[in-house]
1. Using the 10 angstrom Cβ neighbour count as an exposure proxy, how do Ile3, Ile79 rank, fewest first?
2. Can you give the angle from 0 to 90° between the axis of helix 34-46 and the longest principal axis of the chain, with both taken from C-alpha atoms, to the nearest 10?
3. If you compute Cα extents along the principal axes in Å for the structure shown, which of (1) 45, 36, 27; (2) 57, 34, 31; (3) 63, 34, 27 do you land on?
4. Treating the angle as unsigned and between 0 and 90°, give the value, to the nearest 10°, between the Cα long axis of helix 8-25 and the longest Cα principal axis of the chain.
5. Can you list the lysines whose alpha carbon is less than 21 Å from that of Lys136, not counting same-chain residues fewer than 8 positions off?
6. When we measure straight from the Cα of Lys56, which aspartates and glutamates land under 18 angstrom away, once same-chain ones fewer than 8 places off are left out?
7. Expressed as an acute angle from 0 to 90° and rounded to the nearest 10, what is the orientation of the C-alpha long axis of helix 96-110 relative to the principal long axis of the chain?
8. GNM on the chain, C-alpha springs below 10 Å: top fluctuator among Thr140, Thr60, Thr38?
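No value in this document is a laboratory result; all are computed from the given coordinates. Predicted model only: the values in this text are computed from it and were never measured. Don't worry about glycine lacking a Cβ; one is built from the backbone with ideal geometry, like all the others, and counts go over all protein chains shown.
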Amino acid sequence: MIIQRATEQQMEEIKRLSGKVMEESSVGRVGPDMQKATNLLNVNLQMGGYYLVAVKEPDTLMGWLMISRTIDYLTGQKIGFFYEYYVRPEHRKQGVGRKLLQSGILDLKKNGYKKVQGNVFAGNTAKLFYERIGFKDVSTLVELDLSDDEGT
């Protein structure tokens, strides 16, 4: 397995799957909306974001990690941010996800970042991978659906 920056061909494959990935990563809260997924991708790429990909020869895309940057709204500090972290089902439980996260962290360290954050939907098993690497909860987003009478 090789971890590298995504090529144009790999970016096209990621774009084709982005709606499905958004649905899976949100644990079904967001449907497979290609337009939303494309908008997120484009905004982050314009801000200097990029994808690291895990590939297996000859050219099998096993998974990817979108890395971008943001400002920590609590401290004002420039931080790295993992926006999209995905391993294709047939390549899970083979260390692909761990290698992607470790490579992303190393890449950010080399570029002078002191912190990296990511967002994980409740119920997404990717949270376990983040925790195993050493990520800690910073905050919890809570939500109340106001379209019905619950909560009033």
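1. On the way: Ile3 20, Ile79 16.
Taking fewest neighbouring Cβ atoms as first place, the list is Ile79, Ile3.
2. Long axis of 34-46 versus the principal axis of the chain: about 60 degrees.
3. It is the value labelled (2).
4. Taking Cα atoms only, the helix is inclined about 30 degrees.
5. Lys78, Lys99, Lys109, Lys114, Lys115, Lys127
6. Excluding near neighbours in sequence, the set is Glu8, Glu12, Glu13, Glu90.
7. 90
8. Thr140
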